[in-house]
Structures are given as structure tokens and as C-alpha cells.
Amino acid sequence: VPKDEELQEYLKQHAPRDFIIKFTARLSPEEDRLLLVTLPAPGFDPDLKAILDKQKEPVTIQAEGIGELTLNRSTNWLQTDADWCGGTVQLIFDRGTEEELAAAEELARTVLADADGWNSRLCAFAAEQLPKVRPGDELPEDLAERLEAESLQIWPDGRFEVWLHDADYLWEPSVRVTGTVSGGPEEADLEG
């Protein structure tokens, strides 16, 4: 069904997420789209409401050694707050097959088992790389001590992405570090 861009934008702005609307439409003469007869309006249907409620139920899974992962429907990620160097880091996996999830979980357990070591490596790497991106007179050691991990995303093929921020908020941009679990950090970029 071709979209009416103007109507679609209006509905995105004015209709809340997971909201049931009703309208009357008829099939076009070419029978390839619906033609609105009435404007969309709030609606209620007990059967649709039951389907919507079922779709909105939280989806969680238990990951051994990691904890409970919850599906974030807006990104289709499974995520949890994992223990990381005396605090927490948002641990993220793409929602995939059972085999992909098992592989990502195993890689995450490897990283989390040595969170202090990984944190040191990531922060030191980022601090060494940033002067190339953000010239200044700050020593890499000083910056490395201030960096703090916010999120860690791991893919089943061994790749990872970590977002770091300046814990003292002396500068606003975040640092994105990518690499592989087997090879360590490979690239750091200043974002924002």
C-alpha cells in the first residue's frame, strides 16, 4: 500500500506509539492502494487491544553469568546493565538466532570476566588515539583516568563497540572504540 507521506508524518507527530486508530477506506480502481474515506481517529477494538497488549509485554531472557536481558523494541536489541569496574555498563546484543545470541553471550562473558583489564586497555587506547583527532596539551594518561564506559555492544562474529565519556565532564563528546574481542581495540573516534 503506497504511503501518504503527509498523513504519515502527521500521525507520527500526533498519535502516540502503540496506539489504535480507526478509519474507513476503499480500494482504489487499480486495487493497488487504499483510499481514505474518513480521517484516522482514536479507536478501540478489544481484539486489537489484546494483540497490542501481547506485543507490548516485556521480552526477557536469562543469560548465564550475565543476568536478565530485556528486549528494547525500538532498536531490536537485547540489553542489560552489567557489572563493570565497580559500576555498570549497558551491555547490548543484536536480537538474532539462538546460535548468534549464544556466541555473543560467550564473548561478553569473556570480556566481563576481565572488565578491569578491558577497561584499562580501552581507555588507554582511546586516550592515545584522541590527540590525533582532538589536538591539545592534555596528557593521554590524564584523559585515560577520566574516561568511563557507558555501553558495550558485542556481535556474534567477535566485533565490539564501546562508548566512553569523560567522567569529569570537562568535554562533551563521546568516544566510540571499536575492535574485536580476540584482537582488542582497533579504532577510536570522537562523536558528537
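Just G158, G86, G67 to compare: in a GNM of the chain, with alpha carbon springs under 10 Å, which one fluctuates most?
G86
Using only the Cα atoms of the range 73-115, build the gyration tensor, take square roots of its eigenvalues as a ≥ b ≥ c, and label the shape rounded, prolate or oblate: rounded if a/c is under 1.5, else prolate if a/b is larger than b/c, else oblate.
oblate
Give me the 1.4 Å probe accessible area per residue for the range 1-154, excluding ligands and nucleic acids, in Å².
68
With unit charges on the beta carbons (Lys and Arg positive, Asp and Glu negative) and the dipole taken about the Cα centre of the range 41-102, which residue among V59, S74, L48 sits farthest to the positive side?
L48
Expressed as a whole percentage, what fraction of the accessible surface of the chain belongs to carbon and sulfur atoms when a 1.4 Å probe is rolled over the protein heavy atoms?
Whole-percent figure for carbon plus sulfur exposure: 49.
Loop-only GluC sites (Glu not before Pro) in the range 34-105, please: DSSP not H, G, I, E or B, and at most 13 other Cβ atoms within 10 Å.
Within the range 34-105, the qualifying GluC sites (Glu not before Pro) (loop, at most 13 other Cβ atoms within 10 Å) are E64.
Run the numbers for D47 and R109: contour at 0.36 nm per residue of separation, minus the present Cα-Cα distance, in nm.
Fully extending the segment from D47 to R109 adds 18.1 nm.
The values are calculated or read from the model by the stated rules, or taken from the named source; none is laboratory data. Being a predicted model, the structure only gives us computed values, none of them experimental. Positions of Cβ are generated from backbone atoms using ideal geometry, with glycine treated the same way; all protein chains shown enter the neighbour counts. All accessible areas refer to the heavy atoms of the entire protein, side chains included, with ligands and DNA or RNA removed. Shrake-Rupley method; radii C 1.70, N 1.55, O 1.52, S 1.80 Å.
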